[in-house]
Amino acid sequence: MTEVGIEEAVDRAHRDEWARIVASLVRRFGDLDLAEEAAAEAFATAVERWPDDGIPPNPGAWLTTTATRKAIDRIRRETKRYDKHREARLVYGTVDAAPVGVIEDDRLRLIFICCHPALRMEARVALTLRMVGGLTMPEIARAFLVPDATMGQRITRAKAKIAAARIPYRMPEAEDLPARISGVLTVLYLIFNEGYLATGTATAPVRAELTTEAIRLTRMLHALVPEDGEATGLLALMLLIDARRPARLSAAGELVALDAQDRRLWNDALIAEGQDLVRERLAAVAAGARPGRYQILAAINAVHTSAHTFRATDWSQILALYDQLARIDRSPIVALNRAIASAEVDGAAAGLAELERLASTLDGYHAFHAARAELLRRLGRTEQARTAYDRAIQLTENPAEAAALSGRRDRLIGPPEGEDR
Amino acid sequence: MQYLVFVIADEHDSTSVDRRPAISEFNRRLMSEGYWVFAGGLASAETSTVVDNRDGQPVLTDGPFVESKEYLDGIWIWNAPDLDVALRLAAEASQICDRQIEVRPFATP
């Protein structure tokens, strides 16, 4: 077996098995730190041993067994942490032979511990990427542009709270489930968004490794709770947005807006998969289910991705979906997007009028000024458009977006003054 | 696992309704279900006195050790198997007392 073959096998096992191995160790030993350290040691051992011994026929089982032995070794070495009785029970207790269904359920429990509502949101994100995604501390720190030490502290504090406050390793009660799933979905969507429009100047504008990881975790969640409409909706939403990624960056590193994207670059397989999921939810809604915000957002993106050109977009359907969204989510961001859609249906002047009503609430938000600049440009109010672009550029934290906005501003044609005001 | 449960009062709390009967009822339930260890309401924060004898010179200060809009109104000690159980009880307690509730585990050695 070649070095590359081994490396690939370890990578694949890491991607596919990490969460399951950690979850099964947490269930058995009830200790996140121990589970994570033992899993990491098992992978390190695989890197040493597989080149000589060959890749085992069932890498997942090999890694689980190795990790379990490592964990027991650790407990033996640190008997101060555990009394003899406990050690004996763990070492000679029933060997992990849980059926597949339960193992998958295990992974879901792990997601729920990491996303426990008693933890701070940034700790939930970090812990999910660490424990469920298997990302290293420096990787997570880099993704969120904080120093390693800060990210390490967040994870350490979260783990300490889980242990000290005794956050249970179990599924939440049935009545808590909808609320807890919505917290999990928020965490996954945050991870995705950070990848999709990364903040800060020191990073790539689009972090594919984060969007990909968010999609992988959401896929896992969807497989575990296939009947949850919002989990389905979020997966569809991510797939439909990620499908457009190849067209989102120009060769010059500018973000390309939806109206200027080369739609031939879109990923048809992801679009087909996302639209299938949207259709599945539409059928459920027709049968009486109430769609939540991710399902509606996914439906909006399904409309965008089914148009072959920007002009061919069914804007009135998008507007209707934003109206539906506004009924369950009164946030000004939703109102902003509705205004943008209304400009396509009712004209730039109508859209701008709707937009101006949000001026006081959204003055600090770059996308508000970018949308306003765009409509002002369409109405020929060049000088005002220039000012709005400047404000948007000043407010955005994403360098590729700033470059795109600067490009749009510099392409403005028109008298610098004296236009209609 | 024992949890200290703080009942937090603040300026916004309504005081028109007498919540004591409902709280007593809740306490009886905590006892019958095995969660109850201790409960006590506190007199107002102004009645508090802070003693500092760290230098061997006792200094008494009138009032609580932090000045804030929120103050401690009462405490419970509960015995609960895990945080989720404690939080579910706290959610009920918050509604019954019409107060915010802080749940903190006792440190385990």
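Table for the structure above
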item: Dipole magnitude of chain B, debye to nearest 20 (Cβ charges: Lys/Arg +1, Asp/Glu -1, about Cα centre); result: 420 debye
item: With at most 14 neighbouring Cβ atoms within 10 Å, loop chymotrypsin sites (Phe, Trp or Tyr not before Pro) (DSSP) excluded, longest segment of chain B; result: B:1-64
item: At q = 0.07, 0.08, 0.10, 0.12 Å⁻¹, base-10 log of I(q)/I(0) for chain A (Debye sum, equal scatterers on each alpha carbon); result: -0.42, -0.53, -0.79, -1.05
item: Peptide A:165-174 - average C-beta neighbours from other chains (10 Å radius); result: 4
item: Where GluC sites (Glu not before Pro) in DSSP loops with at most 16 other Cβ within 10 Å are excluded, longest remaining stretch of chain B; result: B:68-109
item: Per DSSP, loop trypsin sites (Lys or Arg not before Pro) in region A:129-164 with at most 12 further Cβ within 10 Å; result: none
item: Number of partner chain Cβ atoms within 10 Å, mean per residue of A:364-376; result: 0
item: Those trypsin sites (Lys or Arg not before Pro) in region A:267-373 that DSSP places in a loop and that have at most 14 other beta carbons within 10 Å; result: A:ARG311, A:ARG330, A:ARG357
item: Accessible area expressed per residue, region B:30-77, with surrounding protein chains retained (probe 1.4 Å, Å²); result: 76 Å²
item: Residue of A:PRO246, A:PRO291, A:PRO56 that the Gaussian network model of chain A assigns the largest fluctuation, springs spanning Cα pairs under 10 Å; result: A:PRO56
item: With every protein chain in place, the protein assembly as shown: carbon and sulfur % of accessible area (1.4 Å); result: 53 percent
item: Size of the B/A contact, given as accessible area buried on both chains, probe 1.4 Å, in Å²; result: 900 Å²
item: Cα gyration tensor category, rounded, prolate or oblate, for region A:323-411 with a/c compared to 1.5; result: oblate
item: Cα-projected label distance for B:ILE96 with A:ALA149, points at 7 Å along beta-carbon direction, nm; result: 4.6 nm
item: Pairs of Lys in the protein assembly as shown closer than 21 Å at Cα, counting only those 8 or more apart or on different chains; result: 5
item: Over region A:10-74, equivalent-ellipsoid semi-axes from the Cα gyration tensor in Å; result: 19, 12, 9
item: Formal net charge of residues neighbouring B:ASP82 (Cβ-Cβ distance under 9 Å; K, R +1; D, E -1); result: +1
item: Given chain A, longest segment not containing exposed loop GluC sites (Glu not before Pro) (DSSP; at most 12 other Cβ within 10 Å); result: A:228-416
item: Dipole of the protein assembly as shown, positive direction: furthest Cα of A:ALA257, A:ALA126, A:GLY229, with charges on the beta-carbon; result: A:GLY229
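The values are calculated or read from the model by the stated rules, or taken from the named source; none is laboratory data. Here the structure is a predicted model, which means the values were calculated and not measured. Glycine also receives a Cβ, built like all others from the backbone with ideal geometry; neighbour counts cover every protein chain displayed. In case anyone asks, the SASA skips ligands and DNA or RNA and just uses the protein heavy atoms, side chains included. Shrake-Rupley method; radii C 1.70, N 1.55, O 1.52, S 1.80 Å.
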